[in-house]
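Taking it in order: structure first as C-alpha cells, then the write-up.
The values are calculated or read from the model by the stated rules, or taken from the named source; none is laboratory data. Nothing here was measured: the structure is a model prediction, and the numbers come from that model. Methodologically, a virtual Cβ is constructed for each residue, glycine included, from the backbone with ideal geometry; neighbour enumeration extends over all protein chains shown. Quick note on the areas: whole protein, heavy atoms, side chains included, nothing else; ligands and nucleic acids left out. Shrake-Rupley method; radii C 1.70, N 1.55, O 1.52, S 1.80 Å.
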Amino acid sequence: MRLSSRLFLLCTLLCATLSAFAQEQQFANLGDFKLESGEVLRDCRIGYRTFGQLNADKSNAILFPTWAGGTTEQLVGSVGAERLADSTKYYVILVDALSNGVSSSPSNSQLQPHMQFPKITLHDMVATQHELLTKFLHIDHLKAVMGISMGGIQTFQWMVQYPDFMDKAIPIVGSPRVAPYDLLHWKTQIDVIENDPGWHGGDYPKNPAREAEYELGAILLSTPEHFNQTHTREQVLKEIAHAQESTEGSDANNKIRQAEAIIALDISASFGGSMEKAASTVKAKTLIIVAKRDHTVTPGPATEFAHLMHAELLELDDECGHQYGGCEDAGVQQAVVEFLGR
C-alpha cells in the first residue's frame, strides 16, 4: 500500500472516530452563572452533542435546542442526511436546555438540589447556550437556530435576545408568548404535582403525579380525533395503570422549573410589552411553523408574530395537533430543508 493511501485510510478512520465521539454526550462547565433574576446558578453546566463538520469560515453551524423535558439523545433521530437537520451539509449542535435532567437541573445539582434550584427563564436558557457557543465552541455566528415545541420557544427567544447571531430562525410549534389557554394547562401541570400527597415540597423518594402526567400529556399532545384513531379503550386504561407505577418521564422538580420558565415567557417584555417592537428587532430570515389544532402550544401568538415580521408561515392543518410528526413530518422536513438551502 502506498504511503498516500495509508495516510488517506488513517485520516478516514481518525475522522470517523472523531465524528462518533462528537455525537456522544458532552458538557461545558460554565461555573457560577448569573441568571436574569440576579440569582446565581452554582456550578452550571450545559450538555450538548455535535454532528457533521464545521467549515473553514464557520458559516454552516445550526443550533437545535431540546423540547420541554426532552434531551439531545431524543433529538438525534432528527439529524442526518435527508432529515430535519442535515449533518452532511451543516455542523449541527444539539443542546440540552436547563432543567432537562442533563444540563444543570433540580435533579442533578449538588449545590442547589430539588426546589433549592433557582427559578430560570427562557432568557437564561438562551444565555447559557450563547456562552457554550462563544466560549467553548468558539462560534460567533450561526447559520440558523431551529427547534420544536420548547425548542421553538427558545428559537423565538434567540431571535430577539441575540438578533445578529444567526442568519435564519425556524421555530416549529413554538411561541413568542404563550397564550392564556397555554398558561392554564402549564399551571395545571404544576398544581397536580405540588398537590400530590407524595410531593413533600420537592423532596420526594418517588416522582409524584405520574398518572396525571400521562393523562395531561395524552389530552394535550394530540387531538380527540387522532387519539381515538390510535388508541382503544383497553389500551388507555392499561397505559393509565402503567403510568401509576412508572419510573419513566421527566423528574417532577425539573418539569416545574421548565414549566415556570414557559409561563413567564414574553419576548416583548424588553420592549415595553410591544410585540411590534420585538418583531422589528429580528434580523434573521424566519420560517415559522404552527399547527392549527395544537392544544399544547396554541398557534395564535406565533401566527401573529409571523404577520408582524412578514415572515414565512407554514400552517399545518391536520388531526395530529402538537405531535405533527404523525401526520406532516415529511412536509415539515421538506419546508425546512428548502428554507435552509436558500
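Values for this structure:
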{"quantity": "Leading residue by the ranking (farthest from Asn60 (Cα to Cα)) among those in segment 76-85 that are open to solvent by 20 Å² or more (accessible area, probe 1.4 Å) and not hydroxyl-bearing (Ser, Thr, Tyr)", "calculated": "Gly77"}
{"quantity": "Segment 271-285 - residue that is within 18 Å of Tyr162 (Cβ to Cβ) and among the hydrophobic types (A, V, I, L, M, F, W, C) and, of those, surrounded by the fewest Cβ atoms within 10 Å (Cβ to Cβ)", "calculated": "Phe271"}
{"quantity": "Residue, surrounded by the most Cβ atoms within 10 Å (Cβ to Cβ), within segment 112-126, restricted to residues that are out of contact with any strand residue (DSSP E or B) (no Cβ under 9 Å at 6 or more places or on another chain), farther than 24 Å from Arg177 by Cα and in contact (Cβ under 8 Å) with a residue 24 or more places away in the chain", "calculated": "His114"}
{"quantity": "Any chance Ala144 is in contact (Cβ under 8 Å) with a residue 40 or more places away in the chain, among the small types (Gly, Ala, Ser) and open to solvent by 10 Å² or more (accessible area, probe 1.4 Å)", "calculated": "no"}
{"quantity": "Helices (runs of 4 or more DSSP H) enclosed by segment 190-292 - at least 3 residues per element that are without any contact (Cβ under 8 Å) to a residue 24 or more places away in the chain", "calculated": "210-221, 224-230, 233-245"}
{"quantity": "Residue in segment 247-269 that is acidic (Asp, Glu), farther than 15 Å from Trp186 by Cα and open to solvent by 90 Å² or more (accessible area, probe 1.4 Å) present", "calculated": "yes"}
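Residues checked against (1) assigned to a loop (DSSP other than H, G, I, E, B); (2) among the acidic types (Asp, Glu); (3) touching a helix residue (DSSP H, G or I) at 6+ places or on another chain (Cβ under 6 Å); (4) at pLDDT 95 or above:
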{"residue": "Thr17", "(1), (2), (3), (4)": "no, no, no, no"}
{"residue": "Ala20", "(1), (2), (3), (4)": "no, no, no, no"}
{"residue": "Ser37", "(1), (2), (3), (4)": "yes, no, no, yes"}
{"residue": "Gly47", "(1), (2), (3), (4)": "no, no, no, yes"}
{"residue": "Glu73", "(1), (2), (3), (4)": "no, yes, no, yes"}
{"residue": "Val76", "(1), (2), (3), (4)": "no, no, no, yes"}
{"residue": "Leu94", "(1), (2), (3), (4)": "no, no, yes, yes"}
{"residue": "Asn100", "(1), (2), (3), (4)": "yes, no, no, yes"}
{"residue": "Asn108", "(1), (2), (3), (4)": "yes, no, no, yes"}
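Every residue, every condition in (1) β-branched (Val, Ile, Thr); (2) open to solvent by 40 Å² or more (accessible area, probe 1.4 Å); (3) touching a strand residue (DSSP E or B) at 6+ places or on another chain (Cβ under 6 Å), yes or no:
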{"position": "Leu287", "(1), (2), (3)": "no, no, yes"}
{"position": "Ala291", "(1), (2), (3)": "no, no, yes"}
{"position": "Asp294", "(1), (2), (3)": "no, no, no"}
{"position": "Glu304", "(1), (2), (3)": "no, yes, no"}
{"position": "Glu328", "(1), (2), (3)": "no, yes, yes"}
{"position": "Ala335", "(1), (2), (3)": "no, no, yes"}
